[in-house]
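Written out below as structure tokens is the structure these notes cover.
The values are calculated or read from the model by the stated rules, or taken from the named source; none is laboratory data. Remember, it's a predicted structure, so these values are computed and weren't measured experimentally. Note that we place each Cβ from the backbone using ideal geometry, even for glycine, and neighbour counts take in every protein chain shown.
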Amino acid sequence: MAENISPIIGIDLGTSNSAVTCFSQGQPQLINGAQGERLTPSVVGLDDMGNVLVGEAAKARLVSHPHLSIASFKRYMGTDKTFTLGDRQFRAEELSALVLRKLKADAEVALGCSVTRAAITVPAYFNDSQRKAVKAAGQLAGLEVERLLNEPTAASLAYGLADNNEQKFLVFDLGGGTFDVSIVDMFEGVIEVRASSGDAWLGGDDFTEAIRQWMMTLYPVLPSDNPTLLAELTYLAEDLKYQLSIQDLALAQLTYAGQEFSWELSSELFSECCSGLLSRLKKPVVQALQDAQFDANELDHVILVGGATRMPIVRQLATRMFGRFPRNELNPDEVVALGAGIQAGLIAEDRALDDIVLTDVMPYSLGIEVARRHGEKIEEGYFSPLIERNAFVPVSIVESFSTLHDNQSRIDIAVYQGEARRVSDNLLLDSMSISVPQRKAGEVSVDVRFTYTLDGILEVQCNISGEAATSTMIVEKAPGSLSPQEIAERLKQLDSLKQHPRDVPANRQLLAEAGLRYEQTLGERRQMIDHYTGLFEQALNRQDTRAIVTARDVLRQVLDQLDDGM
């Protein structure tokens, strides 16, 4: 029986490139494609006969046939966005499935057997719907996805196996479309991820786009609605970026509509064009260090992962931030795939990995919507986190909630993912409704238990106090984008606040700062911010000028004290 079990492969499904690995002879090993390539471009296209092209063949036609080639679709996993390819519409999951199918075929040729099981990496900051989309892509490709592994965690595995020493390190993972940061503590064979943060909309593609925008700014005569021209400019921008990785000055030329255009881009000007992007790289680093309760000086190493970290301006930023040269001895384009291969070996219980233990964390907080009583008024829409971000997984936590109304007959349990105080600013995952005995407000309580597994499955259990029956929900709904009706409703809500004290700039700014600080903190500090922000909001809702000033001053003092204590 054992010989017939399908081998498990590890897959790095990247924005720019993808790779497949297996674990063999005590090491992760990259599997080459049919042409000997180690990396497969994450590009899908059609040839002139309508046949599907995947990888290098599709990438070669991005400039010449932009209407028949699609790249950088990973960012749209878990959304309703569709892509036109010929006369067909594709979701990002379907395009990713075509890439996965090629990697699966390459592995089957190399291993000489059918492959149906895989561990696939995802950005640490992918939300629940994006992760479910990756699983769906795997299923469409004929793969049973045994585990979704965070990309920086995969890199940690690769470095941990190569350098098995007690150490603390930060993984700085900048790929083509996403940016992730993880703080890792390694000791006695245990690889413990302490905290993760990131930006799912920041990657090498954005640096390329910044160059392309600069190119068009120099020559306003170039039209911005010509797909072929835009594809050519993107190609040139990518080449300029590559040139600057090996020299200080980059040149590009283009002939269009009988005219000659040329560009000269220096490293200094490139840095200026990307100043906003470079600033965005700092925030997740600070957030991860704060959540892990680490000081940058405690880190033994900073590890660069992802092809975009080849840019000198990114390496220089990392060096300045940490006061040391980062490590990049393992190929940054391949290290995540190698880690996926090690994860495949762990799942298969390979004896070479008996001494390796991996722990990971939740990238987001999970909780439910609650209502709060303010005197005689009940206000809905608050977020009550049960599992806070960076909790170790698997995890199971239970909290008790009570009814707010007399003779209340039902309790609605709406599950959200995010960090904001208000559920409207978080991601709705799913909901359920349970019947409760009709009694006075507060006399009926419900225990809500969240259980989150290593496979990324969230189970919600609800028990009414004093009753044996249990209501259970497995969260598997993938939320899409806002409907036009929901957008219209939110616009109405904003319009209704135009003459409200909440719109006073000083009040609005303080609420925004408090909300941001709430997202950045955990435990007692988060509860303190929540309490005093609530008091300030109550004063604003009463439109009592004196109470507003008092509550605002108190909240300001609380935030300043927290700053002093950090």
Within the range 85-129, the count of residues that are assigned to a loop (DSSP other than H, G, I, E, B), farther than 16 Å from residue 12 by Cα and at pLDDT below 90 comes to 4
Going by the structure shown, is residue 78 more than 20 Å from the chain's Cα centre (by Cα) and not in a helix (DSSP H, G or I)?
-> no
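Yes/no per residue for (1) aromatic (Phe, Trp, Tyr); (2) touching a Pro at 6+ places or on another chain (Cβ under 6 Å):
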| position | (1), (2) |
| --- | --- |
| 198 | no, yes |
| 206 | no, no |
| 220 | no, no |
| 225 | no, no |
| 239 | no, no |
| 243 | no, no |
| 263 | yes, no |
Do we find that residue 430 is among the charged types (D, E, K, R) and either surrounded by fewer than 16 Cβ atoms within 10 Å (Cβ to Cβ) or assigned by TED's automatic domain parsing to the domain that holds residue 517 (or both) in this structure?
-> no
Kindly indicate which of 398, 423, 444, 415 is aliphatic (A, V, I, L, M) and surrounded by fewer than 16 Cβ atoms within 10 Å (Cβ to Cβ).
-> 398
Taking residue 199, is it charged (D, E, K, R) and touching a Phe, Trp or Tyr at 6+ places or on another chain (Cβ under 6 Å)?
-> yes
Looking at 514, 506, 488, which is the one that is assigned to a helix (DSSP H, G or I), modelled with pLDDT under 80 and touching a helix residue (DSSP H, G or I) at 6+ places or on another chain (Cβ under 8 Å)?
-> 506
Taking strands (runs of 3 or more DSSP E) that fall entirely within the range 373-466, which contain at least 3 residues that are within 23 Å of residue 134 (Cβ to Cβ)?
-> 410-417, 427-435, 445-452, 458-464
Take the residues in the range 313-331 that are under 22 Å from residue 356 (Cβ atoms) and not polar (S, T, N, Q), then tell me which one is surrounded by the fewest Cβ atoms within 10 Å (Cβ to Cβ).
-> 329
Those residues that are aliphatic (A, V, I, L, M) and either in a loop (DSSP other than H, G, I, E, B) or touching a helix residue (DSSP H, G or I) at 6+ places or on another chain (Cβ under 6 Å) (or both), I need them from the range 325-348; list them, please.
-> 330, 335, 336, 338, 340, 342, 346, 348
The number of residues in the range 319-351 that are farther than 19 Å from residue 193 by Cβ and touching a residue at least 40 places away in the same chain (Cβ under 8 Å) is 4
Pairs, please: C-beta under 7 Å, at least 6 apart or cross-chain, first residue in contact (Cβ under 8 Å) with a residue 40 or more places away in the chain and under 22 Å from residue 358 (Cβ atoms) and in the range 381-398, second among the aromatic types (Phe, Trp, Tyr) and outside any strand (DSSP E or B)?
-> 389/364
Pick from the range 214-242 the residues that are without any contact (Cβ under 8 Å) to a residue 12 or more places away in the chain and under 31 Å from the mean Cα position of the chain (by Cα): which of them is surrounded by the most Cβ atoms within 10 Å (Cβ to Cβ)?
-> 242
With respect to residue 310, determine if the residue is among the basic types (Lys, Arg), buried (at least 17 other Cβ atoms within 10 Å of the Cβ) and more than 20 Å from the chain's Cα centre (by Cα).
-> yes
(1) under 20 Å from the mean Cα position of the chain (by Cα); (2) not assigned by TED's automatic domain parsing to the domain that holds residue 283 all hold for residue 183 apart from (2)
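For (1) within 30 Å of residue 169 (Cβ to Cβ); (2) out of contact with any Lys or Arg (no Cβ under 8 Å at 6 or more places or on another chain); (3) at pLDDT 95 or above, each residue gets a yes or a no:
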residue	(1), (2), (3)
189	yes, yes, no
199	yes, no, no
209	no, yes, yes
233	no, no, yes
240	no, yes, yes
252	no, yes, yes
261	no, yes, yes
Give just the number: which of (1) touching a Ser or Thr at 6+ places or on another chain (Cβ under 7 Å); (2) free of Cβ contacts under 8 Å to residues at least 24 places away in the same chain; (3) farther than 28 Å from residue 341 by Cβ does residue 58 not satisfy?
-> (3)
Has the range 202-209 got any residue that is hydrophobic (A, V, I, L, M, F, W, C) and either under 26 Å from the mean Cα position of the chain (by Cα) or on the phi > 0 side of the Ramachandran plot (or both)?
-> yes
Only one of (1) touching a Gly at 6+ places or on another chain (Cβ under 8 Å); (2) closer than 12 Å to residue 98 by Cβ is not met by residue 45, so which one is it?
-> (1)
The residue that is surrounded by the fewest Cβ atoms within 10 Å (Cβ to Cβ), considering only those in the range 160-212 that are assigned to a helix (DSSP H, G or I) and among the aliphatic types (A, V, I, L, M), is 162
Search result, residues across the range 35-62 that are among the polar types (S, T, N, Q) and outside any loop (DSSP other than H, G, I, E, B) | 40
By residue number, the members of the range 262-276 that are in a strand (DSSP E or B) and free of Cβ contacts under 8 Å to residues at least 24 places away in the same chain are 262, 264, 266
If residue 248 passes every condition in (1) farther than 24 Å from residue 72 by Cβ; (2) of a type in the set (D, E, K, R); (3) out of contact with any helix residue (DSSP H, G or I) (no Cβ under 6 Å at 6 or more places or on another chain) but one, which one does it miss?
-> (3)
Among residues of the range 1-34 being assigned to a strand (DSSP E or B) and of a type in the set (A, V, I, L, M, F, W, C), the residue surrounded by the fewest Cβ atoms within 10 Å (Cβ to Cβ) is 30
Assess whether residue 471 counts as being touching an Asp or Glu at 6+ places or on another chain (Cβ under 9 Å) and either at pLDDT below 90 or outside any loop (DSSP other than H, G, I, E, B) (or both).
-> no
Would you please list the contacts, defined by Cβ atoms under 6 Å and residues six or more apart or on different chains, that run from a residue in the range 450-468 that is in contact (Cβ under 8 Å) with a residue 24 or more places away in the chain to a residue that is part of a loop (DSSP other than H, G, I, E, B) and among the hydrophobic types (A, V, I, L, M, F, W, C)?
-> 464/436
